[in-house]
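Heads up, the thing below is written out as structure tokens.
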Amino acid sequence: MRTRLNTLFDALLPVIATLAALAVGAVMLLILRVNPIEAYAALWDGAFGSTNAFAETLVKATPLLLVALGICISFRGDVINIGGEGQMIIGAILATWVGLTFTESPGWLIITVAMVMGFIGGAIWGGIPGFLKAYFNVNEILSTVMMNAIAVQLMNFLLRGPMIDPSQAQLASKIPQTARLIDAFHLARWAPTRLHLGALIAVALALLVYILLWRTTWGYRIRAVGQSPHASRYAGIKVPRYVVLALLLSGAFAGLAGAVQVYGVNYRMITDGSASGFTGSAGFNGIVAALFGQLHPIWSIPASILFGALLVGANSMQRAMQVPSALITALNGLVVVFVVSSEIWRKRRQRRRLAVAKEEDAPPKQSPPQVQKEAAR
């Protein structure tokens, strides 16, 4: 019973952390003389109050889920990918190039090639830090962050030159109408919202990532390397190869998220000069969604929807309650801090329980012969 309760508590820990963050946010709302109940009711209504609101939540959750799937792979392989922002940008650039180059091709063909190119672009951008980590022991946190900066500057260069829309600065030309994820499959006819096929693609890929990690040899080896590189090497697994593979696949899913963002939402590259101007910080928020989902591809689906709801609903709360935009940023930051902290605490609890279990299973220590004689007397 104690084991089951511990397992249940660990599973609910991210939810508890989110509620704790919202409780701290309620205190901040009270300081601003805003009724927290009314504010959170506005947040809920903005995220789930109507068909259009729920569709916006799913649209916001789609890139988060795709990035989260890549994070599940890399973190299971014990490599930390902080480069989702840059990988999204590179994937989007290559996908946009496809749409602007092959304008006369059928829409379904443009979409297919663009998604593949986005996947490849993100894989390249994630594979470079993976190669440096595996063969030169370069810290992947630093290298992925630096790759973010390179991707942003490349994007700014392209949007001010080769890919610029003559009528609007810092905007790329639009992809063809037939190559949009909502138009090519006629979703707008029965769903007059911004919901597009990318949401279904993300859910289908979550199932595939689950199969990859728990039903294939590659997935087993990635997880084995993440658990113990030394034991994996002793077992004959080529550890550097699977370190590269973990970061390569992680970057690939982030690159696909960038392609979906272009073909499903913006219909072109768009930025304010920073990475978040295009990604909406999905490259970072996807990490939190993956941690919230316990680094499990299936559980990352509701986790991404939850964070999509927080992002969409927080904007609605800001408009309805007239609270400062800084409060919305702080509220999202609180959720991130609490969820990440809960993951650290969960791992410490697991290590503590494992240590206790080892002590209980250990054979009792034998007393020295002299002590035994004294005890007998």
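The values are calculated or read from the model by the stated rules, or taken from the named source; none is laboratory data. All values reported here derive from a predicted model rather than from experimental measurement. With ideal geometry, Cβ positions are generated from the backbone for all residues, glycine too; neighbour counts draw on all protein chains shown.
Thr3 meets the conditions (1) of a type in the set (Ser, Thr, Tyr); (2) more than 27 Å from Leu154 (Cβ to Cβ); (3) surrounded by 17 or more Cβ atoms within 10 Å (Cβ to Cβ) in every case but one. The failed one is (3). For region 262-285, the condition holds for at least one residue, the condition being that it is of a type outside the set (D, E, K, R), under 20 Å from Phe75 (Cα atoms) and in contact with a Phe, Trp or Tyr (Cβ under 8 Å, 6 or more places away or on another chain).
Evaluate the following for Thr18: is it loosely packed, with under 15 Cβ neighbours inside 10 Å and either touching a residue at least 24 places away in the same chain (Cβ under 8 Å) or of a type in the set (Ser, Thr, Tyr) (or both)? Against the criterion (loosely packed, with under 15 Cβ neighbours inside 10 Å and either touching a residue at least 24 places away in the same chain (Cβ under 8 Å) or of a type in the set (Ser, Thr, Tyr) (or both)), Thr18 does not qualify.
Number of residues in region 103-136 that are under 19 Å from Leu158 (Cα atoms) and touching a helix residue (DSSP H, G or I) at 6+ places or on another chain (Cβ under 6 Å): the value is 6.
When you check Ile237 against the structure, is it at pLDDT 95 or above and not in a loop (DSSP other than H, G, I, E, B), yes or no? So Ile237 does not fit the description; no. Among all positions in region 331-346, there is no residue which is of a type in the set (Val, Ile, Thr), more than 20 Å from the chain's Cα centre (by Cα) and either modelled with pLDDT under 90 or within 30 Å of Leu212 (Cα to Cα) (or both).
Cβ-Cβ distances below 6 Å connect the following pairs, each with a first residue in region 266-281 that is part of a loop (DSSP other than H, G, I, E, B), a second residue that is of a type in the set (Phe, Trp, Tyr), and a separation of six or more residues or different chains: Thr271/Phe278.
Residues checked against (1) surrounded by fewer than 24 Cβ atoms within 10 Å (Cβ to Cβ); (2) modelled with pLDDT under 95; (3) under 29 Å from Leu32 (Cα atoms); (4) of a type in the set (Lys, Arg):
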site: Arg241; (1), (2), (3), (4): yes, no, no, yes
site: Leu256; (1), (2), (3), (4): no, no, no, no
site: Val260; (1), (2), (3), (4): no, no, no, no
site: Asn266; (1), (2), (3), (4): yes, yes, no, no
site: Ser274; (1), (2), (3), (4): yes, yes, no, no
site: Ser281; (1), (2), (3), (4): yes, yes, yes, no
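Within region 194-234, which residues are touching a residue at least 60 places away in the same chain (Cβ under 8 Å) and not in a helix (DSSP H, G or I)? Arg194, Leu195, His196, Leu197 - these are the residues of region 194-234 that are touching a residue at least 60 places away in the same chain (Cβ under 8 Å) and not in a helix (DSSP H, G or I).
Per-residue answers, yes or no, for (1) under 17 Å from Arg180 (Cβ atoms); (2) at pLDDT below 95:
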{"site": "Gly83", "(1), (2)": "no, no"}
{"site": "Gly86", "(1), (2)": "no, no"}
{"site": "Ile89", "(1), (2)": "no, no"}
{"site": "Ala92", "(1), (2)": "yes, no"}
{"site": "Leu100", "(1), (2)": "yes, yes"}
{"site": "Gly118", "(1), (2)": "yes, no"}
{"site": "Ile124", "(1), (2)": "no, no"}
{"site": "Val145", "(1), (2)": "no, no"}
{"site": "Phe157", "(1), (2)": "no, yes"}
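Going through Ser342, Ser316, Ser304 one at a time, which residue ends up being more than 26 Å from Leu247 (Cα to Cα), of a type in the set (Ser, Thr, Tyr) and part of a helix (DSSP H, G or I)?
From the options Ser342, Ser316, Ser304, the qualifying one is Ser316.
Determine, yes or no, whether Ala23 is of a type in the set (Gly, Ala, Ser), surrounded by 14 or more Cβ atoms within 10 Å (Cβ to Cβ) and assigned to a helix (DSSP H, G or I).
Against the criterion (of a type in the set (Gly, Ala, Ser), surrounded by 14 or more Cβ atoms within 10 Å (Cβ to Cβ) and assigned to a helix (DSSP H, G or I)), Ala23 does not qualify.
Against the test of being buried (at least 23 other Cβ atoms within 10 Å of the Cβ) and assigned to a helix (DSSP H, G or I), the options Ala289, Ala309, Ala326 yield a single qualifying residue, Ala289.
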